[in-house]
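Below is one structure; the comments refer to it alone.
Read-outs: derived from the displayed coordinates by stated rules, not from any lab. These numbers were taken from a predicted model, which means no experiment stands behind them. All Cβ positions, even for glycine, are placed from backbone atoms using ideal geometry, and neighbour counts span all protein chains on display.
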Amino acid sequence: MNALPVPFPTAVTEDHRDLEALALRVREHCLRMAAGGGCFIGASLSCADLLVHLYSRVLNVRPETLDDPGRDYLLLSKGHDVPALYATLAERGFFPVGRLRNHLKTTDSIYWHPNCSVPGVEFHSGSLGHLLAVGIGIALDIRLRGGRNRVFVVLGDGELDEGSVWESCLVAAAQRLDNMVAVVDRNGLQANCRTEELVPLEPLPAKFRAFGWACRTVDGHAFADLDEAFAGLPGVSGRPTAIVARTVRGKGVPSLEDRADRWFASFTDFEVEALVRELHGGGPATLVSEGKVVR
Amino acid sequence: MRARTTYEQALAALAAERDDLVVLTAENRAHVRGLPEALGARFVDVGICEQTMVGAAAGLALRGRTPVVHGLATFLTLRAFEFIRTDVGLPRLPVKLVGFVPGLLSEANGPTHQAIDDVAVMRAIPGMQVFCPADLDELVEALPHIVASRAPAYVRYTAAPPAVAHVEPFAIGKAEVLSHDEGVSLLTYGPLLREAEGARGVLAARGVPVHLVNLRTLEPMDEESIVDAVRPAELVVTLEDHFHRGGLHTIVAETCLKHHLAPRVLGLDLGTSFFRPALLPDVLEHEGLAGARVAERILDALCHREANA
């Protein structure tokens, strides 16, 4: 097996127009997946920039190296933001973009949570608090084999309510897995509530540090910030790293931004077209589905 | 007499043959104490973190490893149940879950430690193999087969001395038939085989012939051996250290339904109750599962039938 090259550190001054254009396309795909049955649109839009950045600039994985044991792994632990993952993978060439139109069709495996038969999806998820543990196993094996590849686990902030997350944080630190990176999509909202009003998580970076992790906070929508954060891994030698990425639920579409009632949504085709126009700078979409979007 | 191979020695020998084998424990080291030295970095103690251990085992299996993971049977199967079902069972990864002190073996620990629903919950997971060796020799003989299988597996651990003189080599999904007499068909698994053999002796002395089956594997079950045992029997007895529901009695019932058989069945098990915590011989006696008590209960059932005939 050919070893993959060591990932490149990215110059912080770099032009990010390519990433911005890609993120716009990914958001448009997410909005289209919210039609005819819907999807978890809020979280998909909040983590879109993170996934676009990771797959474009950080992760050492390409469609041709999907079976290479030397590849970097990304595990989407919260799972319900999978439209953003599928859209990013499709745009990056892991499978045809047209396949996204199969969303919710019984003839394909593209539904509300990740299915690992879709190229690029390393493991299924949907039940919160599982994939840090699975990531520990992958990271342990990489270390056993002397590999330099890394394991990125994307977590939701609401997901941090699960005790298994903190159990796994203890174990990853105890095992000194500095090839692990937790990326928290800190959009401040869980299903129906603001995290700080239900089960407060702050001071979150201090919690990770107290559990033996290196931790830094970044703007999860600023590609230059993300360049810098991901170029500096591991944050501390011998420790796993947590990147708390401050994000906005529904980011990119003002009608959907930072709203507790836009977690899961099913829109009409007409509404989706209006939301896409809004994404591209048009005026606010009129949403007649308002009353039936909350789960 | 040759020295008996311990579980730990058998696992270390397998690990020496198979690079893919890794051993994990949730700080339960009683039966794997020598493995850190033998396996080095291929031994991982995650601490008292059953969920993380099972998830990590899934991750290791994704990378081509065969993880053998250890925990107390009740915490392994129940605390980590959703991780087993979702991360190991659903993708059918070859993770081998070894539960310590299952059934009555938790002795005086009390109900928190009583894994007497473990067969039911593990068997509920599609593709999960369930192994219940009767004694250490059977466990050691089964171990290479269990590890070689690419299916997920749950093993009820025992270090018990030989329950009987075994007559058949171990094979996955094959029961061992220890006596072929027609009359009472006594089906059991795990360390209670010793009690079943004791009961068989008592019954034989009373002129009651016993067809004795040691199931060994509860999933996949040995349907043929169950049918062969049930079909000619005057009375079918299931003997197990498990709740009445979800274990061998349920397996026999499912098999009978499938084959249009309606035998008379006596379930000797823990019913719907946690057992009285005590040392094993006292538990066996108190719960009516000691060999002599099993024989009495079978004779009572036979007499009851004659009285009603």
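Here is how the numbers come out for the structure above:
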{"quantity": "Cα gyration tensor category, rounded, prolate or oblate, for the protein assembly as shown with a/c compared to 1.5", "calculated": "prolate"}
{"quantity": "Test item: Cα-centred dipole of segment B:176-308, Lys/Arg +1 and Asp/Glu -1 on Cβ, debye", "calculated": "260"}
{"quantity": "Kirkwood-based Rg to Rh ratio, segment A:191-293, C-alpha trace", "calculated": "1.10"}
{"quantity": "Inter-probe distance in nm under a simple model that places probes 7 Å from Cα toward Cβ, at residue A:206 and residue A:270", "calculated": "5.2"}
{"quantity": "Stretch gain in nm, segment residue B:260-residue B:78, where the contour uses 0.36 nm per residue and the Cα spacing is subtracted", "calculated": "62.1 nm"}
{"quantity": "Stretch gain in nm, segment residue A:199-residue A:17, where the contour uses 0.36 nm per residue and the Cα spacing is subtracted", "calculated": "61.8 nm"}
{"quantity": "Alpha-carbon Rg with Dmax, taken over segment B:176-308, Å", "calculated": "13.9, 41"}
{"quantity": "Cα principal axis extents for chain B, largest first, Å", "calculated": "65, 40, 36"}
{"quantity": "Listed residue (B:47, B:116, B:106) projecting farthest to the positive dipole end of segment B:7-156, Cβ model", "calculated": "B:47"}
{"quantity": "Nearest 10 degrees, 0 to 90: helix A:269-279 Cα axis against chain A principal axis", "calculated": "60"}
{"quantity": "Debye log10 I(q)/I(0) for segment B:1-141, one point scatterer per Cα, at q = 0.13, 0.14 Å⁻¹", "calculated": "-0.54, -0.63"}
{"quantity": "Among A:136, A:104, A:51 - extreme Cα towards positive end, dipole of segment A:17-292, charges at beta-carbon", "calculated": "A:136"}
{"quantity": "Sorted peptide list for A:15-22, A:262-269, criterion being average Cβ within 10 angstrom, highest first", "calculated": "A:262-269, A:15-22"}
{"quantity": "Chain A - Rg over Rh from alpha carbon coordinates, Kirkwood radius", "calculated": "0.95"}
{"quantity": "Computed magnitude of the charge dipole of segment B:110-257 (debye, nearest 20; Cβ of K, R +1, Cβ of D, E -1)", "calculated": "220"}
{"quantity": "Förster radius 30 Å - calculated FRET efficiency between residue A:257 and residue A:231 (Cβ-Cβ, nearest 0.05)", "calculated": "0.55"}
{"quantity": "Karplus 3J(HN,Hα) series, Hz, for segment A:242-256 with 6.51 cos²θ - 1.76 cosθ + 1.60 (x for Gly, Pro)", "calculated": "10, 10, 8, 9, 6, 9, 10, 5, x, 3, x, 10, x, 4, 10"}
{"quantity": "Segment B:161-215 - Debye-derived log10 I(q)/I(0), Cα point model, q = 0.16, 0.19, 0.21 Å⁻¹", "calculated": "-0.44, -0.61, -0.74"}
{"quantity": "Three-way shape call for segment B:22-69 based on the alpha-carbon gyration tensor, with the a/c threshold at 1.5", "calculated": "oblate"}
{"quantity": "Nonlocal amide H pairs with residue B:155, under 5 Å, H built at 1.01 Å", "calculated": "B:97, B:98, B:99, B:131"}
{"quantity": "Rounded to 5, the percent of DSSP beta bridges in chain B classed as antiparallel", "calculated": "15"}
